[in-house]
Each structure stands twice: as structure tokens, then as C-alpha cells.
Amino acid sequence: MKIFCVIPAFNEEKNIAAIINQVRPLADRLVIVDDGSNDRTADFAAEAGVILLKHIINRGQGAALRTGTKYCLNNGADIIVHFDADGQFLSRDIKHITAPIKNGAAQVVFGSRFLNSEHSANMPILKKYFIMPLAKAANKIFFNVNLTDPQSGFRAMSAEAARKISWQQDRMAHCSEIMFAVKNHNFKVQEIPIKVIYRNFGQNFFGGLKILQDLFIAMLVN
Amino acid sequence: MLQQTIALIIIAFFLARLYWQKQKNYIGLNEFIFWLAFWILAAGLIIALKFIDRLVAGLGFSSSGIEILLYLTVTVLFYFVFRLRLKLEKIEKDITKIVEFIALKDK
């Protein structure tokens, strides 16, 4: 089975080369989507010889993942992995996240920071005990999604599932939208424990509110 | 009475300007009709202010007619801001489609 890994990158010149070196051996094709970076992210990706898709202006992580996923579907991917460029995820988990799809146990697999308490031990306290439970409750109330990690950006999906899952959110709200779409399509879902190395706080409370606002506006537009 | 006259003169100015914009084709027919209806309605409300005062009092409001009109105007403005937000959202999505198309072109 051909595994394609999509990595959206925005101003990640410090990390991108290392991430490419770590992930490349674990995927058949590595697709970097440079999301309108102002630094040399695209140059480093081009030098590394991976597939480079360039957004001419910044459109957000959701949009970059959509572009990368479309490329994968057009080029014969069987499994598509979404990974981050900031070095917070461990590349060794790619093997674990793709395994349930390879053996037919799942069509979509989400990485979860909460399945193993050791993995969430280094999560900022405010995030662990306040923001994440709120986000989880919002997912449950508004989307009836009951996954242990409400905002995991590390996921894998079969090509069949990826063709059916369409997310419209360009920015961070795509995480909830993908989970909602997966639930709506009744795909076989699994969660696997992943470890995250926190280099920054990531999504804060106001970021969470922005996600809810984006989802609400999208509902009205649709 | 003086205030009503001043308001009507201002509306007449905007109506004249609207007509000029349409003549120069700066605005489309739909937009012209919308603003024409808007200013005519505003003029009608100003002329009928005494009637609105009685209507508002009859409905049990303690405020005067002009105050109720002001509240309604603010509500309508909020609605327009909201519509604008939705319109912007659609434009954002169109921009993303173009960016995505360029990124995937020849790939």
C-alpha cells in the first residue's frame, strides 16, 4: 500500500529539513505544502527533493492539508497521513497510525495525546485541564464526536475515506470538521496513542473560540 | 419641523447623488433600486414622524418614534455587518480555491 504523508508548513525553515529526513523513510511519498511562507521553508523542501506544493499566499493549515490531500488522491495514494512541520509529532508514530488501515481494522485513524497518560504528562496544565476538556465538550455537544483528543492534527485515512471527507475550513477548525465528517460517513475509526513534544503552547482559549466562530459562520454560509 | 426639513434636504442630496451614480454607471440596477427604496423609505418615515409617535405610543412603548427608528436602524446595521461577514467568508473561500488551483497546476 502506498503511503503518502502530507506536511503543511508555514515559516518552518528551522524544522523542515529535520522533519523531512525523519519522515521520508516512513512514507512512499512526502508532500510538503508550503503555505505562503516568508522564509526559506520552500527552498529547503525543494533542496531535499520532496514533492513541493506552493500556496502563493498563506491560507491556513486546513487549506494546505486539503491541497496536499488532493495531490495524494490524484497520484495514487492508498493511505494519506497528515503530519505537522513543527517537530511536535514523532515520526515513528507514522508506522503505528497507518497499521490499522493496512490491516483493514480502520479507515480513519486519529492520533491521541490522551490514551496514554505518560504522553500527555508534559502538556501545559491550562491546556490539559481547561482548554482540552472544553474543546472535547464542544465536539460532543455540537458534532456528537466523542474522541479522546479533540484537536489532534496527526491522522491517517484510506484514500477511499479521503475522497469522501471534505472539509471547508481553511484554518484550525478543520480538525473538528474532519472528525464530524468521519462520524457522518460512519467510517471505521480508531485512535492510537501518540506522543507530542511541546515546543509552544499551540492553540489557546481564544484560538478555541475562533474555531467555534469559524464553524458557526460556515454553517450559516452553507 | 426644522430638523425634519434638514433631514429631507440631506436625503434629497443622497438621492441626487444616487441618480448621478446610476447615470455614470458606477452602480448596477439592483444596487440603485435598493438605495432608492432605502432613501425613499427614510424620507417617508421622517414625513410620517408624528404618525410614528402615535403608533409607537399606541403599541405601548415609552420612547418617542424617532428613538424607535434609531433602535431599528442599529439593528438593520448589525444585520448588514453580518451579511458583509458572510460575503467575506465566501470571498475567502474563492481565494483559497484559486491558491489551491495554482499549487496543483501541472502536478
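Some observations on this one:
- Selected residue (criterion: surrounded by the fewest Cβ atoms within 10 Å (Cβ to Cβ)) from residues of segment A:1-48 that are under 17 Å from the mean Cα position of the chain (by Cα) and of a type in the set (F, W, Y): A:F10
Per-residue answers, yes or no, for (1) small (G, A, S); (2) out of contact with any Lys or Arg (no Cβ under 8 Å at 6 or more places or on another chain):
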site: A:Y71; (1), (2): no, no
site: A:N75; (1), (2): no, no
site: A:I80; (1), (2): no, yes
site: A:L90; (1), (2): no, no
site: A:A99; (1), (2): yes, yes
site: A:A106; (1), (2): yes, no
site: A:V109; (1), (2): no, no
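- Hey, B:V81 out of contact with any helix residue (DSSP H, G or I) (no Cβ under 9 Å at 6 or more places or on another chain), more than 14 Å from every other protein chain (Cβ to nearest Cβ), without any contact (Cβ under 8 Å) to a residue 12 or more places away in the chain and assigned to a helix (DSSP H, G or I) or not: no
- Counting residues in segment A:50-73 that are in contact (Cβ under 8 Å) with a residue 12 or more places away in the chain, farther than 24 Å from A:K183 by Cα and more than 14 Å from chain B (Cβ to nearest Cβ) gives zero.
- Screening B:N30, B:N25 for residues that are on the phi > 0 side of the Ramachandran plot and exposed (fewer than 14 other Cβ atoms within 10 Å of the Cβ) leaves exactly one candidate, B:N25.
- Residue in segment A:185-220 that is modelled with the lowest pLDDT, counting only those that are β-branched (V, I, T) and farther than 30 Å from B:L86 by Cβ: A:I197
- Residues in segment A:1-43 that are away from every other protein chain (no Cβ under 14 Å), under 22 Å from A:N74 (Cβ atoms) and not aliphatic (A, V, I, L, M): A:K2, A:C5, A:R24, A:D28.
- Of all residues making up segment A:117-150, the number that are within 18 Å of A:P193 (Cβ to Cβ) and either within 18 Å of the chain's Cα centre (by Cα) or in a loop (DSSP other than H, G, I, E, B) (or both): 14
- Test for A:A77: is it within 14 Å of another protein chain (Cβ to nearest Cβ) and crowded, with 18+ Cβ neighbours inside 10 Å: yes
- Unique match (being buried (at least 23 other Cβ atoms within 10 Å of the Cβ) and of a type outside the set (V, I, T)) among A:F154, A:F130, A:F143: A:F154
- Just one of the listed residues (B:L55, B:L36, B:L18, B:L8) is part of a helix (DSSP H, G or I) and closer than 20 Å to B:Y71 by Cβ, and it is B:L55.
- Annotation: of all residues in segment A:80-93 being surrounded by fewer than 24 Cβ atoms within 10 Å (Cβ to Cβ) and not hydroxyl-bearing (S, T, Y), the one that is nearest to the chain's Cα centre (by Cα) is A:D84.
- Residue satisfying condition, being within 17 Å of B:T73 (Cα to Cα) and in contact (Cβ under 8 Å) with a residue 24 or more places away in the chain, within set B:L36, B:L15, B:L49: B:L49
- Any chance A:N122 is closer than 30 Å to B:K97 by Cα, out of contact with any helix residue (DSSP H, G or I) (no Cβ under 9 Å at 6 or more places or on another chain), loosely packed, with under 15 Cβ neighbours inside 10 Å and not aliphatic (A, V, I, L, M): no
- Answer residue from segment B:58-91, given it is over 21 Å from the mean Cα position of the chain (by Cα) and closer than 28 Å to B:I9 by Cβ and is modelled with the lowest pLDDT among those: B:S63
- In segment B:52-72, the residues that are without any contact (Cβ under 8 Å) to a residue 12 or more places away in the chain and over 18 Å from B:Q3 (Cα atoms): B:R54, B:L55, B:A57, B:G58, B:L59, B:G60, B:F61, B:S62, B:S63, B:Y71, B:L72
- Failed item in (1) within 9 Å of chain A (Cβ to nearest Cβ); (2) of a type outside the set (A, V, I, L, M); (3) surrounded by fewer than 12 Cβ atoms within 10 Å (Cβ to Cβ), with B:D94 passing the rest: (1)
The values are calculated or read from the model by the stated rules, or taken from the named source; none is laboratory data. Remember, it's a predicted structure, so these values are computed and weren't measured experimentally. Every residue, glycine among them, receives a Cβ derived from its backbone with ideal geometry; neighbour counts consider all protein chains shown.
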